[in-house]
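Here the structure comes first, spelled out in structure tokens, and everything after it is commentary.
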Amino acid sequence: MSVETRAHTALHVVKGAIVKVLGDGARWTAGTSVDGAHGRITVQFDRKPTDEEVREIERLANEKIKEDQPVDIHVLSRAEAEARWGDLVYDLFPLPPHITELQVFHLPGWNVNACNKEHTPSTGGVGELAITKTRFRNNKQLLEVSFDLV
Ligand SMILES: [Zn+2]
């Protein structure tokens, strides 16, 4: 597995941990990026998280990695995906209407997201990660969480 595949899969694991710790208010992803072993996820949120919350996100993400939970990849019609998961499969910025078939990344109980990228077969493939930085942009109500694979 390439480091990019591992870091990309980590985005889903970190996103799940963010929602576990900060709640549904953090459920909308506004952007993601991966550069080598470094990843960043940006979610809509209304405040700066505490240091304790950030440490808890990191702890839960690493716990999920250690658990080595298998990743489910589904390819299904958009209508079927919406029937199963509602708008949880979507990010903040909607997919264009002409896309009628989705590949969906699903880590049951943790994260579900329409995503056509490559993933590790299970969370253990990510390896350990460390949250290196968070940045809250109050004017845009966006929280950026950056991490490195370690
Ligand atoms: Zn993905």
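The values are calculated or read from the model by the stated rules, or taken from the named source; none is laboratory data. All of these numbers come straight from a predicted model, not from anything done at the bench. Neighbour counts are summed over all protein chains in view; Cβ atoms, including those assigned to glycine, are modelled from backbone coordinates with ideal geometry.
In region 99-150, what residues are within 13 Å of the ligand (Cβ to nearest atom), in contact (Cβ under 8 Å) with a residue 60 or more places away in the chain and β-branched (Val, Ile, Thr)?
Once the filter is applied, which keeps residues that are within 13 Å of the ligand (Cβ to nearest atom), in contact (Cβ under 8 Å) with a residue 60 or more places away in the chain and β-branched (Val, Ile, Thr), region 99-150 yields THR120, THR123, VAL126.
Looking only at region 3-34, filter to residues that are among the charged types (D, E, K, R) and within 23 Å of LYS66 (Cα to Cα); which one of those is farthest from the chain's Cα centre (by Cα)?
For region 3-34, the residue satisfying everything is GLU4.
Any chance you could count how many residues in region 35-69 are surrounded by fewer than 12 Cβ atoms within 10 Å (Cβ to Cβ), under 15 Å from HIS8 (Cα atoms) and charged (D, E, K, R)?
Going through region 35-69 one residue at a time, the tally reaches 1.
Please find, within region 7-28, the residue that is farthest from LEU92 (Cα to Cα) out of those that are surrounded by fewer than 20 Cβ atoms within 10 Å (Cβ to Cβ) and either within 15 Å of the ligand (Cβ to nearest atom) or of a type in the set (D, E, K, R) (or both).
The qualifying residue farthest from LEU92 (Cα to Cα) is LYS20.
Being free of Cβ contacts under 8 Å to residues at least 60 places away in the same chain, over 14 Å from ALA114 (Cα atoms) and of a type in the set (D, E, K, R) is the filter here, so list the residues in region 56-98 that pass it.
Of everything in region 56-98, those that are free of Cβ contacts under 8 Å to residues at least 60 places away in the same chain, over 14 Å from ALA114 (Cα atoms) and of a type in the set (D, E, K, R) turn out to be GLU56, ARG59, GLU63, LYS64, LYS66, GLU67, ASP68.
ALA79: within 13 Å of the ligand (Cβ to nearest atom), more than 27 Å from ASN138 (Cα to Cα) and of a type in the set (Gly, Ala, Ser), yes or no?
In short, no.
Within region 93-128, can you find the residues that are farther than 23 Å from LYS64 by Cβ and outside any strand (DSSP E or B)?
Listed by number, the residues that qualify are PHE93, PRO94, LEU95, PRO96, PRO97, HIS98, ILE99, THR100.
Only one of (1) away from the ligand (no atom under 16 Å from the Cβ); (2) at pLDDT 95 or above is not met by ILE65, so which one is it?
(1)
Which of the residues that make up region 70-92 are closer than 17 Å to ARG6 by Cα and either of a type in the set (A, V, I, L, M) or outside any strand (DSSP E or B) (or both)?
Across region 70-92, the qualifying residues are VAL71, ILE73.
Condition check ((1) touching a Leu at 6+ places or on another chain (Cβ under 7 Å); (2) of a type in the set (Ser, Thr, Tyr); (3) surrounded by fewer than 12 Cβ atoms within 10 Å (Cβ to Cβ)) across all residues:
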site: VAL71; (1), (2), (3): yes, no, no
site: LEU76; (1), (2), (3): yes, no, no
site: ARG84; (1), (2), (3): no, no, no
site: LEU88; (1), (2), (3): no, no, no
site: ASP91; (1), (2), (3): no, no, no
site: HIS98; (1), (2), (3): no, no, yes
site: GLY125; (1), (2), (3): no, no, no
site: ASN138; (1), (2), (3): no, no, yes
site: PHE147; (1), (2), (3): yes, no, no
